[in-house]
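To start, the structure under review is shown below, and the notes come after it.
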Amino acid sequence: MSTRHIISLLMENEAGALSRVAGLFSARAYNIESLTVAPTEDATLSRMTIVTVGSEDVIEQITKQLNKLVDVIKVMDLTEGQHIERELMLVKVKAVGASREEMKRTADIFRGSIIDVTESTYTIELTGAGSKLDAFLEAIDSALIIETVRTGASGIGRGERSLKV
Amino acid sequence: MAWLAGRMQEFLTVAGQTDYPPGFTNDLICSQFMEATGAEIVVRCLAEEGVEFVFGYPGGAVLNIYDEIFKQNKFKHVLVRHEQAAVHAADAYARATGRVGVALVTSGPGATNAVTGIATAYMDSVPIVVVTGQVPTPAIGMDAFQEVDTVGITRPCVKHNFLVKDVKDLAETMKKAFIIAATGRPGPVVVDVPKDITYHTTEFTYPASVEMRSYNPVVKGHSGQLKRAVQMLLEAQRPMIYIGGGVVLGDASKQLVEVASLLGFPVTNTLMGLGGHPATHRQNLGMLGMHGTYEANMAMQHCDVLLAVGARFDDRVIGNPAHFAREQRRIIHIDIDPSSISKRVKVDVPIVGDVKHVLTEMLALLKQAKDKPDAALTAWWTQIELWRAKNCLKYNKQSPIIKPQYVVEKLWEVTKGDAYVTSDVGQHQMWAAQYYKFDQPRRWINSGGLGTMGVGLPYAMGVQLAFPDAQVACITGESSIQMNIQELSTCKQYRIPVKVLTLNNRYMGMVRQWQEFFYGSRYAESYMESLPDFVKLAESYGHVGMRIDKPEDVEAAIREAFSPALKERMVFMDFQTDQTENVFPMVEGGKGLSEMILAEEL
């Protein structure tokens with residue numbers, strides 16, 4: 001049975017590091033739902049969050065294959081324990097007439113903030129688990145959406161659980 | 001040269017002298033501090049690593065490196081005729097000696113020609129370092145002449161690769177390349193060196209070792225798992241030991257033989273594991289898999305406890321995994337690569353570690369154990385002997401046409417089983433694996449994983465250079481040999497006296513066999529037309545050519561080829577073999593191991 005997993009990893013912050021991971025997923029036909037990467041507080045390290053879907057066997061192989069990459073230092077399947085997941089979304093919507101006020105109210109309900117305004121548009125910033133962002137997009141009239149951009153999930157373990165060198 | 005004067009002063013200060021000691025020349029003193037160019041650094045790193053041979057082909061991007069090679073005599077450069085052969089030869093050198101092989105090629109087409117060789121080494125986990133030239137750093141990405149993204153192209157078929165962007169990183173990168181290639185599960189490492197880096201200068205020191213926080217291969221096996229494994233082995237009713245290339249690569253065959261002998265269990269080798277356990281040993285059931293022996297495949301399918309060592313249950317070995325899983329068995333799997341464990345087959349006792357290390361510990365535990373192997377073992381051997389009695393490798397020895405199997409058997413007899421045998425890919429490869437009884441590891445050199453036609457001749461070159469006095473035979477076919485036939489020229493230049501045995505059936509034999517079985521004997525493009533006269537071809541390169549048409553001439557020809565009179569000569573034997581011969585037993589793709597087609601059934 002396939003389930004969704006969030007895999008976090010630390011790797012050497014070197015040119016080509018991202019392509020090694022992306023290449024591994026395509027070469028071995030693993031699913032990739034989203035992938036985010038940025039340097040950590042230690043600039044020699046990159047932290048990557050990969051959201052993937054697969055059976056237990058496939059996820060085990062993904063973890064092993066990631067660990068096998070020479071540049072990868074540590075790999076953790078966040079979904080194996082308590083964790084927090086967040087994703088950032090920016091949505092540009094049409095905001096004219098009655099829908100302008102309605103859009104503001106909906107954004108407030110979802111604890112989003114309007115970060116750019118024109119006479120006819122709002123740009124709304126939302127943070128949360130992917131499902132919350134999906135829910136927001138469902139809650140507004142799809143005809144009003146001009147553009148959306150999402151970062152893909154980032155995640156961190158709860159409590160003492162941490163991923164560090 | 002102000003810096004030079006400064007260096008000289010520094011030397012005197014460090015040495016606590018007021019003037020140079022007698023006999024010290026300026027050159028000698030300068031060499032302590034002299035800034036080295038990138039090209040010098042590459043060459044000095046190779047020398048520091050104790051490299052004996054660099055197989056290569058020059059070109060624009062590596063001319064500085066070649067200029068430095070010209071000036072040194074620490075290692076020998078072997079000029080091949082095609083970059084693919086350079087990598088294959090380096091690969092074979094590594095397989096035969098256990099040391100890291102080295103190839104050097106230029107940018108662009110040099111690198112792309114090397115890719116097949118790199119992928120071949122990757123699939124069989126062979127430690128090689130390939131230095132590729134690259135266009136100068138400012139030209140990268142400009143679609144410069146002979147530019148390719150070598151790091152990008154080779155990424156999926158290397159253990160690791162590097163693009164050196166600063167000459168200061170060069171020595172450390174070379175050290176890392178050698179460490180990564182040789183340790184853990186070995187594999188090829190590519191170091192891509194832009195041309196400007198080869199003339200930039202820096203101070204050269206070669207690090208004795210380099211720490212990599214992201215790279216720490218496991219050596220020692222988990223002691224708890226080891227204990228469980230030993231218990232399981234001693235309880236086994238129908239045990240089986242299945243060994244792969246890991247035993248050969250890990251230099252663990254001595255330990256493996258001890259464990260197997262102590263337990264008295266049957267042993268089978270994969271294609272890559274041949275020689276890991278002696279083929280002529282009573283406990284050895286021969287190779288398993290698609291063209292494995294009847295007894296090996298049946299025992300593999302019906303065993304109740306399987307000890308897998310340095311093997312990876314690949315599709316050519318166990319056939320259909322669902323069929324394999326129909327029989328209940330518990331599996332202990334020792335491998336240095338965790339990702340090889342539970343990849344195709346679920347394993348009960350995984351032991352990640354260096355095979356030699358783990359087997360040594362296992363041996364100690366077995367010796368301490370109070371229990372002995374289960375008495376049921378006797379009945380199991382009785383069953384195995386019944387399977388063995390089928391004599392699945394028998395063939396018609398009365399044939400008036402040369403049988404390919406016969407050639408391999410005679411080669412084994414003449415060389416007393418002591419030759420290094422390389423092969424290409426196809427039917428002849430399987431016959432070589434089945435009929436040459438390898439009793440020692442690192443004697444069988446072939447492309448198992450990637451199945452690269454054309455490796456045979458360059459493999460033989462790499463082995464012969466490593467062991468100049470050894471008997472080296474290349475068993476090949478008329479199709480495979482033509483994929484790197486240009487290396488006859490290299491053999492001439494360096495007087496490499498390999499013996500080529502071409503099993504010439506005028507077909508791509510394995511393709512023909514599959515077409516006969518699965519495509520209604522429609523032999524689409526598998527007939528090799530317009531073959532050269534191999535005798536004349538060999539002679540044109542100054543080698544000895546022989547054409548053998550009759551079975552009664554086979555042995556004499558091989559004896560002559562390996563006689564002292566021709567010891568220094570390269571000999572090309574063209575055996576005209578039976579076109580209709582097929583490799584048996586055979587497990588069709590997608591079928592189970594016990595569903596073999598045997599020769600007698602057709």
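Only the coordinates and a few stated rules stand behind these numbers; no lab work does. Everything numeric here is computed off the predicted structure, so don't read it as measured data. Every residue, glycine among them, receives a Cβ derived from its backbone with ideal geometry; neighbour counts consider all protein chains shown.
Add +1 for every Lys or Arg and -1 for every Asp or Glu among the other residues with Cβ under 12 Å from the Cβ of B:Asn64, and state the total.
-2
Please list, by residue number, every one of the GluC sites (Glu not before Pro) in region A:17-88 that is coil in DSSP and has at most 16 other beta-carbon atoms within 10 Å.
Sparse-neighbourhood loop GluC sites (Glu not before Pro): A:Glu33, A:Glu41.
Starting at 0 and stepping by 20 Å, how many percent of the alpha carbon pairs of the protein assembly as shown end up in each bin?
15, 40, 32, 12, 2, 0
Just how large is the dipole of the protein assembly as shown about the Cα centre, in debye to the nearest 20, putting +1 at every Lys and Arg Cβ and -1 at every Asp and Glu Cβ? Walk me through the numbers on the way to the answer.
On the way: 77 positive and 89 negative charges, 338 e Å.
Roughly 1620 debye, rounded to the nearest 20.
Based on Cα positions only, what radius of gyration and what Dmax would you give for region B:330-424, in angstroms?
In order Rg, Dmax, the Cα atoms of region B:330-424 give 20.5, 58 Å.
For B:Lys367, list the aspartates and glutamates whose Cα falls under 12 Å from its own Cα; do not include residues on the same chain fewer than 8 positions away.
B:Glu258
May I ask which residue of B:Trp412, B:His543, B:Gly250 lies farthest towards the positive end of the charge dipole of the protein assembly as shown, with charges of +1 (Lys, Arg) and -1 (Asp, Glu) on Cβ and the Cα centre as origin?
Projecting each Cα onto the dipole axis, the largest value belongs to B:Trp412.
For A:Ala129 and B:Glu258, FRET efficiency with R0 = 56 Å and r from the beta-carbon atoms, rounded to 0.05?
Details: r = 56 Å, r/R0 = 1.01.
Step by step, r from the Cβ atoms, then E = 0.50.
Could you name the lysines whose alpha carbon sits less than 17 Å from that of B:Lys175, not counting residues in the same chain fewer than 8 places away?
Here the lysines satisfying the reach criterion relative to B:Lys175 are B:Lys159, B:Lys165.
To the nearest 0.05, how large is the calculated FRET efficiency for B:Thr382 and B:Arg99 if R₀ is 45 Å and r is the Cβ-Cβ distance?
0.50
Classify region B:223-388 as rounded, prolate or oblate, taking a ≥ b ≥ c as the square roots of the eigenvalues of its Cα gyration tensor: rounded when a/c is under 1.5, otherwise prolate if a/b is larger than b/c and oblate if not.
Rounded is the answer for region B:223-388, as its axis ratio a/c remains below 1.5.
Taking A:Lys94 as the anchor, which lysines have their alpha carbon closer than 24 Å to its alpha carbon, excluding any fewer than eight residues away along the same chain?
Straight-line reach from A:Lys94, under 24 Å: A:Lys104, A:Lys132.
What is the calculated FRET efficiency for A:Asp42 to A:Glu147, with r their C-beta to C-beta distance and R₀ = 45 Å, to the nearest 0.05?
Calculated transfer efficiency: 0.80.
Using a 7 Å offset from the Cα along the Cα-to-Cβ direction at both B:Glu172 and B:Asp149, what is the distance between the two label points in nm, to one decimal?
Going from the B:Glu172 label point to the B:Asp149 one covers 2.6 nm.
Could you work out the Rg to Rh ratio of region A:84-154, with Rh taken as the Kirkwood radius (inverse of the mean 1/r over all Cα pairs)?
0.95
Gain in length, B:Ser530 to B:Arg569, computed as 0.36 nm per residue apart minus the alpha-carbon separation, to one decimal in nm?
11.3 nm
Before anything else, pin down the relative contact order of chain A: Cα pairs under 8 Å, at least 6 apart, normalised by residue count, whole percent. Please list the in-between numbers first.
Numbers: 304 pairs, mean separation 45.3, N = 165.
Computed over chain A, the figure is 27 percent.
Once a ≥ b ≥ c are taken as the square roots of the eigenvalues of the Cα gyration tensor of chain B, is the result rounded (a/c under 1.5), prolate (a/b larger than b/c) or oblate (a/b not larger than b/c)?
oblate
Within chain B, what's the longest run with no GluC sites (Glu not before Pro) in a DSSP loop and at most 12 other beta-carbon atoms within 10 Å? Give the range, please.
Segment B:212-524 is the longest.
So for region B:223-388, averaging the separation of alpha carbon pairs under 8 Å that are six or more residues apart and normalising by length, what relative contact order in percent results?
29
What's the local net charge at B:Val535, with K and R +1, D and E -1, over the other residues with C-beta under 15 Å away?
-3
Return the ratio Rg/(2.2 N^0.38 Å) for chain A, where Rg is computed over Cα atoms only.
Taking the Cα Rg and dividing by 2.2 N^0.38 Å, one obtains 1.21.
Starting from 0.36 nm per residue, how many nanometres of slack lie between B:Thr580 and B:Val210 once their C-alpha separation is accounted for?
Numbers: separation 370, 0.36 × 370 = 133.20 nm, distance 5.59 nm.
Net length gain for the segment: 127.6 nm.
Quick one: of B:Lys220/B:Lys346; A:Lys68/B:Lys356; B:Lys76/B:Lys499; B:Lys195/B:Lys536, which pairs are farther than 31 Å apart, Cα to Cα?
Listed pairs above 31 Å: B:Lys195/B:Lys536.
Report the net charge of residues surrounding A:Leu24, where surrounding means a beta-carbon distance below 12 angstrom and charges are Lys +1, Arg +1, Asp -1, Glu -1.
Net charge in that neighbourhood comes out at +4.
Would you please state the base-10 log of I(q)/I(0) at q = 0.14, 0.19, 0.21 1/Å for region B:142-271, with intensities from the Debye formula using one equal scatterer on every alpha carbon?
Taking Cα atoms of region B:142-271 as identical point scatterers yields -0.82, -1.15, -1.29.
Roughly what angle does helix A:17-27 make with the longest principal axis of chain A, taking Cα atoms, 0 to 90 degrees, to the nearest 10?
90
Give me the Debye-computed log₁₀ of I(q)/I(0) at q = 0.14, 0.17 Å⁻¹ for region B:36-187, equal point scatterers on Cα only, no solvent, two decimals.
-0.60, -0.92
Please give the helix B:404-414 orientation as an angle from the longest Cα principal axis of chain B, in degrees from 0 to 90, rounded to the nearest 10.
Helix B:404-414 and the main axis of chain B meet at about 70 degrees.
Kindly identify region B:101-185 as rounded, prolate or oblate by the Cα gyration tensor criterion: order the square roots of the eigenvalues as a ≥ b ≥ c, call it rounded if a/c is under 1.5, otherwise compare a/b with b/c, prolate if a/b is larger, else oblate.
Taking the square roots of the gyration eigenvalues as a ≥ b ≥ c, region B:101-185 is oblate.
What do you get for the angle between helix B:2-15 and the principal long axis of chain B? Use alpha-carbon atoms, 0 to 90 degrees, nearest ten.
Result, in degrees: 70.
Based solely on its DSSP helices, what 222 nm [θ] is calculated for the protein assembly as shown when runs of n ≥ 4 H residues each add -39,500 (n - 2.57) and the sum is averaged over all residues, nearest 500 deg cm²/dmol?
Taken over the protein assembly as shown, the calculation gives -10500 deg cm²/dmol.
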